[in-house]
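As structure tokens, the structure follows; a few thoughts come after it.
Just so you know, all these numbers are worked out from the coordinates, no wet-lab data involved. Keep in mind that what you see is a predicted model, and the values were worked out from it rather than measured. Cβ: placed from backbone, ideal geometry, glycine included. Neighbour counts: every protein chain shown.
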Amino acid sequence: MSPASPRRPLISGNWKMNFDHLEAIHAIRDLGLRIQPGDVQGVDVSIHPPFTDLRSAQTVLEAESIPVALGAQTCAAEDAGAFTGEISPVMLAKLHVTYVIVGHSERRTLFHESDETVAAKMKAVHRNGMTPICCVGESIDEREAGLTRDRLATQVGSAVRALPGDVVAGMVLAYEPIWAIGTGQAATPEDAQDACAWIRGVVADAVGEEVGAQVRIQYGGSVKAENTAELMACPDLDGLLVGGASLDASQFIEIVRASAHPGR
Ligand code: PGA
């Protein structure tokens, strides 16, 4: 674990493949009505709608000065060209996207994204002035075989070697054990802390202690308002990547509020 640090928590809502652009407008307005300036004094917040919602989301967030950053769920590794169906990071930057999730386990598993692909996407996000949120995490089989740390070391090592050290300090890693995603069974604070501390150590070994102490590490997997405070109390955990509970503005704002705790 690292000593007291100025790492500012980041709470991110990953909407996955939910909400068309009209529903997105409603959801963001709902969030905007609930969010108070004090809610985001010590915490950064981002939402990650589907691509087709991004332009509408950007318009509402900016027009109504809602203090929430816009994020995307993935992007292409290339800036332009013959890649039918892909979305360029250049296009995302043009929509004022700040954060791009890279290597979510659903992308890795369902769409066969390798560590090499994830590394290429990390570079693409950085090249276009945005911040990657790189997801890592073990499957239940890997966990039961005692391979959690090996798996995390491989994924994290490959991701951070894609970027220069000073850039790694500003990126975000998300520890998302696959068995906890969408199952209602979150990792215990002890397990989450253990994994986040390990991840921080892998970053420190790869690019130096200082960078290890600066990089922000989120936890994701069945986060809800009720388990937020105990997870956020973990010293190496700097935020949350929230799936299902981010679709409900009242739940999401409760998570944001429960994340802002003093003494970090
Ligand atoms: P969940 O998803 O909060 O619905 O478990 C988390 C994620 O996949 O990012």
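Note on the chain: lysine pairs with Cα distance below 20 Å, sequence gap of 8 or more or different chains, count 4.
Relative contact order of the chain: 23 percent, from C-alpha pairs under 8 Å at least 6 residues apart in sequence. Placing pseudo-labels 7 Å out from each Cα toward the beta carbon at ASP248 and ASP205 gives an inter-label distance of 4.1 nm. If you look at the Cα atoms of the chain, you get an Rg and a Dmax of 17.0, 51 Å. Once both labels are positioned 7 Å from their Cα atoms along Cα-to-Cβ, the gap between LYS123 and ASP166 label points is 2.0 nm. Between the amide H of VAL102 and those of ILE133, CYS134, CYS135, distances stay under 5 Å, these residues lying 5 or more places away or on another chain, with hydrogens modeled in the peptide plane. What does the helix-only formula give at 222 nm for the chain: each DSSP H stretch with n ≥ 4 adding -39500 (n - 2.57), the total divided by the residues, and the result rounded to the nearest 500 deg cm²/dmol? After summing the helix terms and dividing by residue count, I get -12500 deg cm²/dmol. Legend: ranking of residues TRP198, TRP15 from fewest to most surrounding C-beta atoms inside 10 Å; resulting order TRP198, TRP15. Panel order for LEU173, LEU247, LEU147, by other beta carbons found within 10 Å of each beta carbon, from fewest to most: LEU147, LEU247, LEU173. When the chymotrypsin sites (Phe, Trp or Tyr not before Pro) in the stretch 40-142 are filtered for DSSP coil states and for at most 15 other beta-carbon atoms within 10 Å of their beta-carbon, the remaining sites are PHE83, PHE111.
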